[in-house]
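Below is one structure, written out as structure tokens; the observations come after it.
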Amino acid sequence: MIDFPAPPHDTDVLRTPIRILIIDDDRVDRQIYRRFLLADDKSTYVITETESAEEGSRLISDGGYDCILLDYRLPEADGLAMYKALNSTGLNPLIAPVIMMTGQGSESVAVAALKCGITDYLTKEGLTAKAMQRAIGNAVDRSRLRRSLRENNLHLAQINVELERRSAELERVYHSVSHELKTPLTAVREFVALVLDGVGGPEPSLEQRSFLEHALDGCDQMNHHLNDLIDSSRLDNGKLQLKVLPTHAGRIVEFALASIRASARAKNLTLKSNIGTDLPLVAADPLRLSQILGNLLGNAAKFTDCGGTIELSAEVAADRTDEVEFVIADDGCGIAAEHTSHIFDRLFQVSSAGDELMGSGLGLGLSIARHLVNLHGGELTVESTLGAGSVFRFRIPVAVAAGPFIV
């Protein structure tokens, strides 16, 4: 074995040398390859030569090369058999790209070489420096790209493992928060309600009643936020399942409207419903469909000024008789065009002025609604004009079979 470092050019300090291993029993051929490579004014090379298949196998196993020029005919064995033997040891991911060199062109040899994983194939007859330099450059570039992809994939796999660990940890925190907070929260709410009803003492005054009602509202709001956190976690890890039933859409619409009547009255909002005649049953989880509509209506009430109007409609889709379309429209503040594509992102919120807001609520309602619509096989969309209101739409398929069944 002889090492021949290439003489440096003036710009070589800026280049990374390409490490070449030549395995060829013909000394003249090796000298030609070396001369071709050292004539390259665009790349520098560190060249190692050997005439032995056995030593070549050892050098390849040791690694450290960017490209291997392998003669097809060697005294101990042909280059193809040598390469196959190395592959059988499990070294393939570590082997540098191999260019097979043959004395005479043979289509069958070329096909066999490429099939077993050899990168390229050159014939010695008529070989030029440019052809060799180009073949080596292409082989090295592809090899480096594959190596970079392997490293990136490994890095991404490690990141994914860490993300899964953190996700599981966060889910445990959510469930712990749910258990540790919801139980005492329920007790607090019940005791406040008892005092409000005059149990255990005199009837509260009007001012005290107002305080207690605010306390009840706070308990309900906190319970709602806790439920959103848990639902968001379960949606992320795929643990939230739907119990799909043939569901009366009209009843769900009326129930959803009833759930926000109190907040609507507080802002003097007008609630309208438009339920199509002979509306068919839909294939939906009643509780989750109610949650979708409740979240969308609550969002509409939040961003509609006092005296405004919110309308919820449910009708068979004009273009699809096997789907029911739900539409929630308001004449509120609307959404700026730059925010429309983000409003379904978790934790993203906008203020009533149309600016991004990170303070009111948790910003999970629309994200949860979108995920639940997706689980039903639909898509939640929005059309909005700043200062003129918003329209949210989604569709649920018509029920075609008796339930229940789990999705």
Task: Cα centroid separation, region 220-266 to region 123-195 (Å) - done: 31
Open item on the list: Along the Cα→Cβ direction, 7 angstrom out, place labels at Ser88 and Leu114. What is the inter-label distance in nm?
Closed with: 2.6
Task: Mean separation of Cα contacts under 8 Å (6+ apart) over length of the chain, as relative contact order % - done: 11
Task: Two-site FRET efficiency, Asp322 against Glu164, from Cβ-Cβ distance with R₀ of 51 Å, rounded to 0.05 - done: 0.85
Task: Length released on extending from Ala336 to Glu383, taking residue separation times 0.36 nm less the Cα-Cα span - done: 15.9 nm
TODO: Between Ala258 and Arg142, take the C-beta separation as r, use R0 = 56 Å, and let me know the FRET efficiency to the nearest 0.05.
DONE: 0.30
- [ ] Hey, could you grab the Kirkwood Rh for the chain? Inverse mean 1/r over distinct alpha carbon pairs, Å, one decimal.
- [x] 27.9
Task: Derived scalar couplings ³J(HN,Hα) [region 305-321; Karplus, 6.51 cos²θ - 1.76 cosθ + 1.60; whole Hz; x for Gly, Pro] - done: 5, 3, x, x, 10, 10, 10, 10, 10, 9, 9, 4, 4, 5, 9, 9, 6
Open item on the list: Looking at the chain only, what percent of DSSP beta bridges run antiparallel? Nearest 5 please.
Closed with: 55
Open item on the list: Give me the extension gain from Glu315 to Ala129: residue separation times 0.36 nm, minus the current Cα-Cα distance, reported in nm with one decimal.
Closed with: 59.5 nm
TODO: Using 0.36 nm per residue of separation minus the Cα-Cα distance, give me the extension gain between Leu287 and Glu213 in nm, one decimal.
DONE: 24.0 nm
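No value in this document is a laboratory result; all are computed from the given coordinates. In this text, all values refer to a predicted model and were calculated from it rather than measured experimentally. Cβ sites come from the backbone with ideal geometry, for glycine too, and all protein chains shown count toward neighbours.
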